[in-house]
Amino acid sequence: MSLFYLFILFIILQPTILLHEIGHAIGIILFTKDCEANIFLGKASFENKIKFSIGRMHFYLSLGIVGFCFMTDREASKNLSRKQLMIIDASGPLMSLFIFLIAVIASLILGEFHFPLKELALLNIVIFITSACPYTYPSWEGALAGMPSDGLRILRLARKQDAWKGKV
């Protein structure tokens with residue numbers, strides 16, 4: 001694999017992760033009246049970031065291979081049903097799956113996988129699978145280490161457990 005190809009993958013990865021997190025933010029906005037969504041690309045910090053807002057979505061962006069989306073009002077999540085929380089957790093992986101399908105359909109219309117459709121499809125299906133599978137991120141995952149995946153949070157909610165704590 002060439003250095004150029006790795007650079008292109010990294011560049012395509014940025015909007016891919018961002019769109020996954022926007023999926024979560026859309027769920028937050030749909031199910032809350034006043035709550036806002038903080039979307040982070042890179043570490044979940046407010047420092048050294050490009051900052052802007054679109055409606056109730058606040059973006060804090062830097063280069064990174066991880067992303068996060070949090071409600072600005074953590075207490076608001078206590079007013080949401082388990083089903084609503086499950087949909088919010090599922091909306092990120094569903095966004096990744098949707099983008100994967102769009103890339104595949106576009107490539108079928110064009111007659112073959114064109115650059116960067118193949119890379120976009122590949123990254124989105126990987127993000128869909130790795131976020132939808134129920135597990136705790138391993139220590140080598142950096143900023144995600146020890147956190148439950150979207151799939152694990154959904155499974156815990158389905159079992160009427162705390163989505164962020166406890167073992168399955």
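The values are calculated or read from the model by the stated rules, or taken from the named source; none is laboratory data. Keep in mind the model is a prediction, meaning the values are calculated, not measured. Virtual Cβ from ideal backbone geometry, glycine too; neighbours counted across all protein chains shown. Only protein heavy atoms, including side chains, enter the accessible area calculation; ligands, DNA and RNA are left aside. Shrake-Rupley method; radii C 1.70, N 1.55, O 1.52, S 1.80 Å.
Out of (1) in contact with a Leu (Cβ under 8 Å, 6 or more places away or on another chain); (2) buried (at least 18 other Cβ atoms within 10 Å of the Cβ), the odd one out for Met57 is which? Here Met57 meets the rest and fails (1). Of all residues in the range 92-147, those being assigned to a loop (DSSP other than H, G, I, E, B) and within 19 Å of the chain's Cα centre (by Cα) number 8.
Looking for something open to solvent by 60 Å² or more (accessible area, probe 1.4 Å) and either without any contact (Cβ under 8 Å) to a residue 24 or more places away in the chain or touching a His at 6+ places or on another chain (Cβ under 8 Å) (or both) - is there at least one such residue anywhere in the range 141-158? Taking every residue of the range 141-158 in turn, none turns out to be open to solvent by 60 Å² or more (accessible area, probe 1.4 Å) and either without any contact (Cβ under 8 Å) to a residue 24 or more places away in the chain or touching a His at 6+ places or on another chain (Cβ under 8 Å) (or both).
For the range 39-51, indicate whether the set of residues that are within 22 Å of Leu97 (Cα to Cα), touching a His at 6+ places or on another chain (Cβ under 8 Å), not acidic (Asp, Glu) and not in a helix (DSSP H, G or I) is non-empty.
Yes, there is a match, as at least one residue in the range 39-51 is within 22 Å of Leu97 (Cα to Cα), touching a His at 6+ places or on another chain (Cβ under 8 Å), not acidic (Asp, Glu) and not in a helix (DSSP H, G or I).
Taken over the range 22-38, residues that are open to solvent by 70 Å² or more (accessible area, probe 1.4 Å) and outside any helix (DSSP H, G or I) amount to 2.
Show the residue pairs that are 6+ apart or on different chains and have beta-carbon atoms under 9 Å apart, the first residue being within the range 65-84 and buried (at least 16 other Cβ atoms within 10 Å of the Cβ), the second being of a type in the set (Asp, Glu). Here the result reads Val66/Glu141; Gly67/Glu21; Phe68/Glu21; Cys69/Glu21; Met71/Glu36; Ala76/Asp34, each pair linking the range 65-84 to a residue that is of a type in the set (Asp, Glu).
Check whether at least one residue in the range 63-84 is part of a helix (DSSP H, G or I), among the small types (Gly, Ala, Ser) and farther than 19 Å from Phe40 by Cβ, and report yes or no.
No: the range 63-84 contains no residue that is part of a helix (DSSP H, G or I), among the small types (Gly, Ala, Ser) and farther than 19 Å from Phe40 by Cβ.
Of all the listed residues (Leu41, Leu19), the sole one being open to solvent by 50 Å² or more (accessible area, probe 1.4 Å), modelled with pLDDT of 95 or more and within 20 Å of Thr130 (Cα to Cα) is Leu19. Does the range 112-140 hold any residues that are touching a residue at least 60 places away in the same chain (Cβ under 8 Å) and in contact with a Phe, Trp or Tyr (Cβ under 6 Å, 6 or more places away or on another chain), and which are they? Asn124, the sole residue that qualifies. Looking across the range 95-112, the residues that are open to solvent by 100 Å² or more (accessible area, probe 1.4 Å) and over 20 Å from Gln14 (Cβ atoms) come down to Leu108, Ile109, Leu110, Glu112.
Checked against (1) over 11 Å from the mean Cα position of the chain (by Cα); (2) at pLDDT 95 or above, Ile11 meets all criteria but (2).
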